Amino acid sequence: MRLEPLVLEGAFLVEPEPNVDERGLFVRTWSADEFSEQGLVASWAQSSASYNRLAGTLRGLHYQAEPRAEVKLVRCTRGAVFDVIVDLRPGSPTERRWVGLELTEDNRLGVYVPQGLAHGFQTLVDETELSYLISERYDADLARGVRWDDPSLAIAWPDSHRRVISERDRMLPLLDR
């Protein structure tokens, strides 16, 4: 497994190095030792999954506020997504910048999302599932988000003939309001 730093400080692409033989493959997707050596969170409070029936499903951009700001390790275990992280840390040199990555069941890539970054994704195919390791317990009172189409972020989401977005996500605020 390799941890490749992304342009947003503290964010990493997690690239597995599969061991392949006649049976198939075996791959490590997380290692407490390797994450700790990089100064990353190495323990998790919960594991979650997001199943999405239709291509074009868009979720996000979500984060959890202090005092339970969370770190996430996200992987696509079925299907494919355009995964987005946005730096919302005030004063960060990359504040309001975003990174988009294609995570698929075939490339087995993961993304390490540090505190202060919002996360969202758009499914690229039907029947897509994401797996999350999360450093803090979910607290509905601290759940926050930014609208996916915030013009100040100008995220280049993939074109979609349909977008499936929850009412909650449609009503998330813009950053400048």
Hey, does region 84-91 have a residue that's touching a helix residue (DSSP H, G or I) at 6+ places or on another chain (Cβ under 8 Å) and either surrounded by 22 or more Cβ atoms within 10 Å (Cβ to Cβ) or aromatic (Phe, Trp, Tyr) (or both)?
no
Going by the conditions given, is residue 59 at pLDDT 95 or above, touching a strand residue (DSSP E or B) at 6+ places or on another chain (Cβ under 8 Å) and not aliphatic (A, V, I, L, M)?
yes
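Okay, residues lined up against (1) in contact (Cβ under 8 Å) with a residue 40 or more places away in the chain; (2) out of contact with any Cys (no Cβ under 6 Å at 6 or more places or on another chain); (3) buried (at least 18 other Cβ atoms within 10 Å of the Cβ):
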site: 95; (1), (2), (3): no, yes, no
site: 106; (1), (2), (3): no, yes, no
site: 111; (1), (2), (3): yes, yes, yes
site: 117; (1), (2), (3): yes, yes, yes
site: 175; (1), (2), (3): yes, yes, no
Out of the residues in region 32-66 that are assigned to a loop (DSSP other than H, G, I, E, B), without any contact (Cβ under 8 Å) to a residue 40 or more places away in the chain and more than 18 Å from the chain's Cα centre (by Cα), state the one that is farthest from residue 106 (Cα to Cα).
39
Being outside any strand (DSSP E or B) and surrounded by fewer than 11 Cβ atoms within 10 Å (Cβ to Cβ) is the filter here, so list the residues in region 20-31 that pass it.
22, 23
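The values are calculated or read from the model by the stated rules, or taken from the named source; none is laboratory data. In this text the structure is predicted, and so the values were computed from the model without any measurement. Positions of Cβ are generated from backbone atoms using ideal geometry, with glycine treated the same way; all protein chains shown enter the neighbour counts.
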